[in-house]
Each structure stands twice: as C-alpha cells, then as structure tokens.
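Quick note: the coordinates plus some simple rules give every number you see, no bench work behind them. Here the structure is a predicted model, which is why all the values come from computation and not from measurement. Virtual Cβ from ideal backbone geometry, glycine too; neighbours counted across all protein chains shown.
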Amino acid sequence: MKHRLLFLIFLSNFLSSQMKDSVSINTPTLYDSIKISNKKEVKTKLIDDVVITGTIKPISKSKSPVAVEIYSQKFFQKNPTPNIFEAIAMVNGVKPQLNCSVCNTGDIHINGLEGPYTMILIDGMPIVSSLSTVYGLSGIPNSLIDRVEVVKGPASSLYGSEAMGGVINIITKNALLAPKLSIDLMATTWSENNLDVSTKFNVGKNVASLISLNYFNFENRLDYNKDNFTDAALQNRISVFNKWNFQRKENRLASFALRYLYEDRFGGEMQWNKSYRGSNQIYGESIYTNRMEAFGVYQWPLKENIITQLSYNFHDQNSFYGTNPFDATQKVTFVQTYWDKKLGNHDLILGGTFKKTFYDDNTPGTFSADGITNEPMKSPIFGAFIQDQWEVNGKNTFLLGYRYDYDMVHHSVHSPRFAWKFSPNPYHTVRFNFGTGFRVVNLFTEDHAALTGSREVVIQSNLKPEKSINGNVNYVWKIPMADRLMNVDASAFYTYFSNKIVGDFDSQPDKIIYDNLHGYGISRGASLNVDYTFNFPLSINLGVTYLDVYQKFDGSMGKSQQLHAPKWSGTYNITYKFPNNLILDFTGQFYGPMRLPVLPNDYRPEYSPFYSLANIQVSKSFKSGFEVYCGIKNIFNFTPKDPLMRPFDPFDKSVNDPVSNPYHYTFDTTYGYAPMQKIRGFLGVKYILK
C-alpha cells in the first residue's frame, strides 16, 4: 500500500515541478439561464443544468429526452457523510442497502432493483463494478464530487446491457474550476473521524491539477445491543485522488485522473484481534482492500467531434469471513470512442467500446469444467452503438438507440432503446423511455451472502444470463405560484425479468440456493418529488416512492415478495436560512415494512417495522472562507432489533443440539435492514480558499 501511495504523490509533485504556475484560467460556464414563461407575473429565471448521463453528451436538462436527476455537492452537504454510499440515501427511490450486519457491506438499489442492476460510473466510465460494488462504494469520498447524475430506468443502449435498473454517474471536480485549497474535518460522538484536504495548482495558462486526500478512521468498538458483536464495522481508510484538466482550443475536452484506495475493515465479536483472523475461536470478518483507478477523456483535434474515453482499475481483496477465506483480484480495462455529428435537427452519435475483465478468486466460481483446476475469468466484450436524437419541433423530441455487444461466452447481445419527450409548453414535460437489458451474474463478487460463512452456497444448475424489458414514464409540472415555481416530478416504471437469478434463503436454513427463476420477475411502482422555495428563506423538498417487486413461479398462484424492497419509502429535506449566513437543515428518509430473510420457525418478524432515519444540522459560513457545522444524526434513535441470529454461537458448534437449539437455528448475518448506529452528534469545520 505504501509504495503505491508514495508513487502517486511523487508523480504529482514531479509533474508540477516541470511546469510553471499561471495566473488565470478561462473556462466556459456549464449553466444557462432560460425564461420559462412569457407571463408577466412569473419573472423567475431557472438554471437549466447541463447533463451528460442520459445521452452520453452534454445537453441541457430541459431538452434531454431522458429524465436525469442532478444533485450537487451542496445538496449532499445538508447531511454530511464521509462517502457516496451513505450520501445517496438522500435521493428519492435510491436506497443504499446494508447486506451484512457484521461487516456492513452494501449496494445501491434503484426503484427496488438489487445493487447489481445499478451501473455506477465515475466521469461517465464504468469504474465501479463486481468486486468494488461490495466495499468500493464506501471508499468514494464526497469531497471528489462536483455533482451526481441519476437516470432511473433503462440505459443499456449507451452504457451496456447491464444498466438494467439505472445509472448513477459521479462527476468529479474539474481542476480548472476547483478552489486553490479546501479542508473539511468532521468528527462524531462515536469517534468517527473524517478528513478531506484538496489543493489545486495551475501549470501554465491551460493546465490545472487537483490533488485530494481523504482519510476516514473509526476504531471505536461499541455494542449497545449487548450481543457481543460490533454495532458498526471498524474502518481505517485512505483515498488519494489526482486529476488533470487541460484547456484546449475550441474548448475541446482533455482530462486524466488517478485514484488509490486502501481500507482495513473489521466487524465481529468484541474480543477479536488480528491474531484470530481466519480462526474458529473468535468470530470476525476482516477485509483488506487495495484499489487503483486511472481514467481520462480526450477529444481529437479534428473538425469532427470525436471523443475517446479510457479507464483501468485494479482491485485486490484479502478477506476472512469467520474461517472462510476470500481472496480475489480484478482488473478491468475499458476504451470507448464515439463520434457526435449534428445533421439538421438530428443529433447522431456513433461509437464503439472494448471492455476486458480479468477476475480470479479462491471460490468455485473460477474453477474450470473439471471442478478442480483454477481458471481465472477473462471476458473481453466488444460493443458498438448508434443513437439519433431527433428534435422534430419545439414540442417533440425522439431518441432512437441500438447497441450490439459480443461476449465470448453468450455471443451476440442486442439492446434497443427508445425515448420520446413531449413538451407542449414550458410548464409541462412528458418523457417516455423503453429499453432492454442483459446481465451475466457473478455471485461471489456481487452477493455478499455468497461470501459469508453463515450459510453454504448451492448453485442449482448452469446459470443462464438474465434478461429484462423495461420502461418508464416521467412527468414534470412547473406550477407558477406568485413569482416562483413549484416543481412536481412524477414517474411510473415497470420491468419484466426472465431468467432472473434469485437466492433461495427459505428452503434450507443453512444454505443459499441459487438458480434461474422458473417463472418471471416484476418490478413496478411510482415515485413523486415536490420541491418549492418560499418567498421567505424556507425551501422544502419531499419525495415518496411506491414499489411492488416480486417473483412469480411457474404453476404457482401466489407471488414471492422481494427481500429488502419496502412498499413505501421517501425522503424529506427542509432548509431555513437565517440572517448572517446561518442555515438549518432537517433531512431524512423513511421506509415502510420490507420482507426480510427469516429462518423456519424464526422468532424474528418477517417484515421490518416502519422507521425513519432523520438528521438535523446547523451551519454558519464566514467571509474568511471558514464554515462551522454541527448536528445530530438519527435523532429518533432507531436501530434494528435482533439483527444477528445466535450471535453467541457464530461457528454453529451447537447447531444440532436438540436441547439448546431444537429448531436448528444457524448463525445468520443477513437479517439486518438498517444501520445499527444509534443517535450521535457531529461537529465539523471547513475552509475554502478560492
């Protein structure tokens, strides 16, 4: 870890020493003010954000036929968190789901679909996948974020067929626009300590570099529920980020970035130490993560608009789940080039991609056909895509897209896409999107339940790839109210799955049985967001989502509700600005009952209760560049009850004792549905030098 970290720091210092600083940087603005009405009583001008994720190229949000939600760094700062995994909970319809009550691994659900159906991009490139979806999400610090773009629904024709549920695109800061110095230090009463430091320097007139360091430390063992297990996983994490942006003629794009992450994570019995790692005496889940990323974009110096994107990431995980070792290495190379051409009222994009994944671990997932010889997975995928955005007139815009991928195992994959935007006037906009999805599942990198030592994994047959057909309708209504607007954003969505791969937690208490669903799966629902800023310093943002996610088995009259998918959920965000730059933020999420993985004759409820995780923050900024903020997290003090089954026998030594364990309960870590962190305070200080 140390030699990689030192190499990154040396590289940045060396490059900066070879060039001279400049005095100014000229960059185009990303925003454009537009009038939304010619009515005299409505004089408000709205900022029409530029979005990328919906169509792969910069376009104003109002003109995009794909519904894209934009969340700035300031939005996430209303409830300060150390990483994007925790912060994304503030987005309605997006749920960070904890999958293990011991090591606190998690993934991100969009509209009720499990984490593997969510494609997570960094600057438009698929940096986060497979291994990194398990622990890598908590290693992306919020300090890197300029904004986050969210597309709920199919995006397969542009980003590959695995974007079945949606896309979260994390746009990192532009070094040309970043402040010269930024420092953010936060601590909680649980002894969670987070430090973000970044500095920007100019090199000549047209080059800028941003160096950012994030350090998170939590080593305070707490056990408020007295089950002898840590309530929250201990973490010691460092992330170093270096990005270079280049100002070129005609505003052509050019940037390059490096990031390194190291994390030491532990959850388990309170008396565990590293000498027990992998032993059957004291239970612990210990994970060491080493990860490196490199990614960049370059626009060719031609009259035609041709752009190349490339990325590479290396991820190494060394871990023990009780006595079960899991060692895995993953390398992903990605290259994409596309041509953007304007022809009348048609905007054409034509591109090609190459993605190669090397993956190796110590599980049966990488065995050869003989079941004995290790055979690392090497899966190159070639792809080509075409998209036509046709602006018929001022009211109608169509988008037609098609993607072809060739996989060495599953051969040809076809992903069509269709979108239509109808906007009869500036106050009403309707968007309809349709697409298909295709996904190859790697259980051991995507499903933490397959890693934990609490259950045996059984793969029933040769798993076939999953397929889906999905669509959604989005309606945006801007309601004039005096000299302001109330924004109403409503969506309805429907996804049909065939060959869906599901884990059977119910048939046998000591096993997880994976097989293609003999039937079909459905994910459907609706969401509503409303935000309004009053003519006094109060703004409100409210969201609610309804989900119906289930599987239907062949020959069965009933349906099985998906685990960890609440029927009702929502978000709330209320901000009041006092004089003298004093701001009060009240934020939170609520979740209705969700089905949980219980065992036969389980004494724990099959459905979770309704609960809310609420936070309050007071912040004050000063002209000197300092800002002080403090508040309380989880003010309702909610934590799940009995998240672990039989924590006193984690190695199942007495599982067959007919006297003490007549129902043959086994140690189980998968029941937890919310963080075990009780009410706690936080205090932070920021400093920004522009």
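Structure notes:
- Karplus-derived HN-Hα couplings along region 671-680 (A = 6.51, B = -1.76, C = 1.60, θ = phi - 60°), whole Hz, x at Gly and Pro: 7, x, 10, 8, x, 8, 7, 6, 4, 7
- Nearest-0.05 FRET efficiency for SER539 and LEU582, computed from C-beta distance (R0 22 Å): 0.90
- Order of GLU192, GLU114 under a 10 Å beta carbon neighbour criterion, fewest first: GLU192, GLU114
- For region 523-577, the Cα-based Rg and Dmax, in that order, read 17.6, 60 Å.
- Working note: Cα gyration tensor of region 182-333, eigenvalues times five, square-rooted, sorted largest first, giving semi-axes of 42, 20, 10 Å.
- Chymotrypsin sites (Phe, Trp or Tyr not before Pro) within region 534-590, DSSP loop, no more than 16 other Cβ atoms inside 10 Å: PHE534
- Distances between placed amide hydrogens fall under 5 Å for SER569 paired with THR545, GLY592, all partners being 5 or more residues away or on another chain.
- Placed amide H near ASP407: partners under 5 Å, 5+ positions off or other chain: SER412, VAL413
- Here is the list for region 577-665: trypsin sites (Lys or Arg not before Pro) lying in DSSP coil, each with at most 14 other C-beta atoms within 10 angstrom of its C-beta, are LYS623, LYS641, LYS653.
- Semi-axis lengths, largest first, of the ellipsoid equivalent to region 520-636 are 41, 17, 10 Å, with √(5λ) applied to each eigenvalue of the Cα gyration tensor.
- Alpha-carbon centroids, region 361-405 and region 540-596: separation in whole Å: 30 Å
- Sites listed here are GluC sites (Glu not before Pro) in region 231-312 whose DSSP assignment is loop and whose Cβ has at most 11 other Cβ atoms within 10 Å: GLU304.
- Listed pairs LYS61/LYS620; LYS61/LYS249; LYS152/LYS478; LYS464/LYS552; LYS274/LYS686 exceeding 24 Å between Cα atoms: LYS61/LYS620; LYS61/LYS249; LYS274/LYS686
- Whole-Hz couplings from phi, Karplus 6.51/-1.76/1.60, listed for region 549-555; x for Gly and Pro: 10, 7, 10, 10, 8, 4, x
- Fully extending the segment from LYS180 to ILE479 would add 103.6 nm, taking 0.36 nm per residue of separation and subtracting the current Cα-Cα distance.
- Fewest-first sequence of ARG277, ARG431 by Cβ atoms within 10 Å of each Cβ: ARG277, ARG431
- Antiparallel bridge percentage (DSSP; both residues within region 250-407; nearest 5): 100 percent
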